[in-house]
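The values are calculated or read from the model by the stated rules, or taken from the named source; none is laboratory data. Note that the structure is predicted; figures quoted are calculated from it, not measured. In this analysis, Cβ positions are derived from the backbone assuming ideal geometry, glycine residues included, and neighbour counts consider all displayed protein chains.
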Amino acid sequence: MILIVNKYLLGKQFKGVSIWPFVILKNRELKDDHYFLNHEKIHLRQQLELLVLPFYLWYLIEYLFRLIQYKDTFLAYKNISFEREAYTQEMKDDYLKERKFWAFLQFL
């Protein structure tokens, strides 16, 4: 994981984003936010499992599907399987050590 701090690369609503192998952070304080970094590490693992590019395609398609389903951008984002996995597991320090391959499928 390569951390980059740059407030200009992200939109107002984002604190950070994972774009394998980088995690772009809006501010330096996020480097000390263990749960936030764990969340982003889970995304990096998801990206690797899907060989990076297919991850982004799946993410976009699922977001669009959820947007139609919920008719709300925030709810659509929060219900993407990748996000559901990351949000529910971000507080578990050893999650990535015990995580099964393609675990995000449990959150579809």
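Could you tell me whether region 92-100 includes any residue that is at positive phi, exposed (fewer than 11 other Cβ atoms within 10 Å of the Cβ) and of a type outside the set (Val, Ile, Thr)?
No - not one qualifying residue is present in region 92-100.
In region 74-108, what count of residues is obtained for those that are within 20 Å of LEU60 (Cβ to Cβ), in contact (Cβ under 8 Å) with a residue 12 or more places away in the chain and within 12 Å of the chain's Cα centre (by Cα)?
Residues in region 74-108 being within 20 Å of LEU60 (Cβ to Cβ), in contact (Cβ under 8 Å) with a residue 12 or more places away in the chain and within 12 Å of the chain's Cα centre (by Cα): 10 in total.
Check every one of the strands (runs of 3 or more DSSP E) wholly within region 1-85 and list those with 1 or more residues that are at pLDDT 95 or above, touching a helix residue (DSSP H, G or I) at 6+ places or on another chain (Cβ under 8 Å) and buried (at least 19 other Cβ atoms within 10 Å of the Cβ).
16-19, 22-25
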